[in-house]
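Heads up: the structure comes next, in structure tokens.
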Amino acid sequence: MEPYARDGFANSSGSHSEARRAKNALEEAREQIAHLLGAHPLEIVFTGGGTEADNLAIAGAALAGGERGGVVTSAVEHEAVLESARFVSRLGCPVRVVGVDRWGLVDPAAISEAVDERTVVVSVMTANNETGVIEPIAKLADAARAANPSVAVHTDAVQAFISEEVTVDLLRVDMMSLAAHKFGGPKGVGLLYVREGVQLEPVLHGGGQELGRRSGTHNVMGAVGMAAAAQATVEDRRRFVETVGAAREGFETRLRKAFPDLEFNAPVDARLVQHTHVRFPGIRNETALVRLDQAGVAASAASACQSGAATVSHVLTAMGISADDARQCLRFSFGWPTRVADGEMAAALIETTLEDLR
Amino acid sequence: MKTLVAMSGGVDSSVAAALMVEAGHDVIGATLKLWQGPDGEAPTAGCCTVSDAEDARRVAAQLEIPYYVFDYTDDFRTGVVDPFIDSYLSGRTPNPCVECNRTVKFSRLLDQAADLGCDLLVTGHYARVRQEATGWKLLRGIDPHKDQSYVLYMLGQTELARVRFPIGDMTKAETRSIAEQLGLRTATKKESQDICFVGVGDYRSFLDSQTDEARRSGIIVDRDGVRLGSHDGVARFTVGQRKGLGVSLGEARYVTSIDSTSATVVLGKREDLLASGAHLGRVSWVAGPPPRPGRVEVKIRYNCPSVPALLDPDGPTCTLLFEEPQASVAPGQAGVIYRGEELLGGGTILSAAQ
């Protein structure tokens, strides 16, 4: 990535040698990442991040061919998907949002029920960015296609990619969003995998880059960085799951001892290894977050709104958690360098920082 | 001392934070998100806008203090906005700043400050707190044009022990000049005057947007009960109002009283507005026990000088007899009682004494 930051002035769409060098780098990045996802290079559309990829998948599919196609999605999706669905709904596309169970899981039967002859795209995330719950994507994809064989199945795999084996065939999806910064790559770059044959209306119109699916000068440096990060992620995944899993195990064991009434918000058998999402009964998360920040523990509560206030998460609401209970929930995430000792130290800090709030 | 500074994104609280940092306190800055649009978005006008929070955040960054945004929208809704609407619907004239201080800033936020291990809560109000042998005193701000002690009358000994107003000793001009010296981005920011959650437009359109009841029509009568016209909601009127009455009688008429039960607005002449005193309810005394009866000064609305009166406290209520009759004693407004510079307490105006 560095050479393209230092002296990568050439536009990859030009025809001189510098431009060719940039273009080659871009196409190599495309091949590399396509290979990791089990896709064809031409099925990879580089975007300006996960949000754009989600927008292109939802709005692009719903509005393809000048139609007003139907969208089916879940109530726990990232705002990038939910807001895109709202956007096309305002334009006249029928949108159905299916609910989830107590654990945030989408039921395949709910998908079959929601999909009809007008549905063109079904979007459920691979794993939830807040709770870490892993959705049964392959089963949901089967259910969707059983109800309407022509639907395109999209998944936002942004949160899952770092720790889950994510290939387009394993998940049986037609579209998949990734964001580089979630697996050690640069911010502001992502991709949408688009299975050959899936028709999309572009969201960005212009010079026709990315086979007309996404206009705009290529972020060569970003794409190269993303591909390198993706390669490293896939090679490191087994180790990541083992060490982060052990760190989280130590963290949670210690936390549970300190807070016996702790409630877990994600199912133990279907959650990302790098997430702990819990409710501390009786402790308001806003106060806990400030105290933890002061103590050097970075946690989060739901998502931050534009002003920076912690709001009640739509994910927890969809799981049937009351607003009061949602305000007692905190999320801790573990990155690739986290070791067992870090997890234990964090739990110990949390205990001393929050115990008098119990 | 560990201190929580409530930062609105305006110049006053920015300077308050800067002064606390300068004095060597361990300062945390916080902005309260009090109000939001129907879809949970931050308002674009009024206060609590994204740009206000951003200003506060940038000032906090410049002062190198941690900064957070707290979501108090639920508390603000139940403690301030709902009572505001109810009050207008019942023909009274509420003061939402007083209710916000009572139910949000100096209760919820004060509790949260304690939870965060802060010994003090600081705001950018123009008022002074002083500790004397007899206890904590609340004094008017030095700047007579900016004095905001009126909206702080509900503070008692427990609160004052933990609250500081560092700019109460300064004039607004001094505050601005400190902000300029420190290069704070809020130095020249314009003053917010409006009711923060009403945003653009006046409170009447806000009420219309919140409840259909605001448009319940009724009649306008004179003091003998003679019908003068009709109106589309008592919430549009406030005692003392002269403009926008919707009736023309050749000479100036004022709202002298409002009966929400029968949706009747009564008009009278200027002299009919004059009241010899006021009854206050929900009374709170800074010292704890009520002051001895006697001569005080009372302020019956925010933008109005205090006037001499005789105070007669009586449990949770009190009566004030003005030295000179006063116009525009509006039920719902705060009546705030001073002796010289010192704020003794106050309450909500229940009725005028004729």
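Data for the structure
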quantity: Candidate set: segment A:251-302, residues that are loosely packed, with under 15 Cβ neighbours inside 10 Å and part of a loop (DSSP other than H, G, I, E, B); chosen: the one farthest from the other protein chains (Cβ to nearest Cβ); calculated: A:ASP269
quantity: One residue from A:ARG172, A:ARG213 being closer than 27 Å to A:GLY104 by Cβ, of a type outside the set (A, V, I, L, M) and touching a helix residue (DSSP H, G or I) at 6+ places or on another chain (Cβ under 9 Å); calculated: A:ARG172
quantity: Any hit, segment A:327-341, residues being within 13 Å of chain B (Cβ to nearest Cβ) and either surrounded by fewer than 21 Cβ atoms within 10 Å (Cβ to Cβ) or out of contact with any Leu (no Cβ under 6 Å at 6 or more places or on another chain) (or both); calculated: yes
quantity: Residue ID - farthest from A:GLN294 (Cα to Cα), chosen from residues in segment B:1-11 that are part of a loop (DSSP other than H, G, I, E, B) and more than 11 Å from chain A (Cβ to nearest Cβ); calculated: B:GLY10
quantity: Residue selected from segment B:12-33 under the condition away from chain A (no Cβ under 14 Å) and small (Gly, Ala, Ser), by the criterion nearest to the chain's Cα centre (by Cα); calculated: B:SER13
quantity: Any hit, segment B:88-108, residues being over 26 Å from B:SER205 (Cβ atoms) and part of a loop (DSSP other than H, G, I, E, B); calculated: no
quantity: Selection status of A:ALA247, at pLDDT 90 or above, touching a Ser or Thr at 6+ places or on another chain (Cβ under 7 Å), over 19 Å from A:LEU82 (Cβ atoms) and within 13 Å of chain B (Cβ to nearest Cβ); calculated: no
quantity: Flag for B:ASP224 being acidic (Asp, Glu), at negative phi and buried (at least 17 other Cβ atoms within 10 Å of the Cβ); calculated: no
quantity: Selected residue (criterion: modelled with the highest pLDDT) from residues of segment A:264-302 that are in contact with an Asp or Glu (Cβ under 7 Å, 6 or more places away or on another chain) and among the polar types (S, T, N, Q); calculated: A:THR276
quantity: Matching residues, segment A:37-71, being of a type in the set (Val, Ile, Thr), closer than 16 Å to A:ASP174 by Cα and in contact (Cβ under 8 Å) with a residue 60 or more places away in the chain; calculated: A:ILE44, A:VAL45, A:ILE58
quantity: Single residue of segment A:35-94 satisfying the filter (part of a loop (DSSP other than H, G, I, E, B), in contact with a His (Cβ under 9 Å, 6 or more places away or on another chain) and aliphatic (A, V, I, L, M)) that is farthest from A:VAL120 (Cα to Cα); calculated: A:VAL76
quantity: Condition broken by A:GLY212, with the remaining ones in (1) surrounded by fewer than 22 Cβ atoms within 10 Å (Cβ to Cβ); (2) in the same structural domain as A:ALA138 (by TED's automatic domain parsing); (3) in contact (Cβ under 8 Å) with a residue 24 or more places away in the chain satisfied; calculated: (3)
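Here's the yes/no breakdown for (1) surrounded by fewer than 21 Cβ atoms within 10 Å (Cβ to Cβ); (2) assigned by TED's automatic domain parsing to the domain that holds B:LEU19; (3) of a type in the set (Val, Ile, Thr); (4) farther than 21 Å from B:ALA16 by Cα:
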{"position": "B:GLU54", "(1), (2), (3), (4)": "yes, yes, no, no"}
{"position": "B:ALA60", "(1), (2), (3), (4)": "no, yes, no, no"}
{"position": "B:TYR72", "(1), (2), (3), (4)": "no, yes, no, yes"}
{"position": "B:ASP75", "(1), (2), (3), (4)": "yes, yes, no, yes"}
{"position": "B:GLY91", "(1), (2), (3), (4)": "no, yes, no, yes"}
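Let's see how each residue does on (1) touching a residue at least 40 places away in the same chain (Cβ under 8 Å); (2) of a type in the set (Ser, Thr, Tyr):
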residue	(1), (2)
B:ASP259	yes, no
B:GLU271	no, no
B:SER276	yes, yes
B:LEU280	yes, no
B:ALA287	yes, no
B:PRO293	no, no
B:GLU297	yes, no
B:VAL307	no, no
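Let's see how each residue does on (1) crowded, with 19+ Cβ neighbours inside 10 Å; (2) free of Cβ contacts under 8 Å to residues at least 40 places away in the same chain; (3) in the same structural domain as B:LYS299 (by TED's automatic domain parsing); (4) under 18 Å from the mean Cα position of the chain (by Cα):
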site	(1), (2), (3), (4)
B:GLU132	no, yes, no, no
B:LEU138	yes, no, no, yes
B:ILE142	no, yes, no, no
B:HIS145	no, yes, no, yes
B:LEU155	yes, no, no, yes
B:THR171	no, yes, no, no
B:GLU174	no, yes, no, no
B:SER192	no, no, no, yes
B:CYS196	yes, no, no, yes
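The values are calculated or read from the model by the stated rules, or taken from the named source; none is laboratory data. Fair warning: this is a prediction, and the values are worked out from it, not measured in the lab. Backbone-built Cβ (ideal geometry, glycine too); neighbour counts: all protein chains shown.
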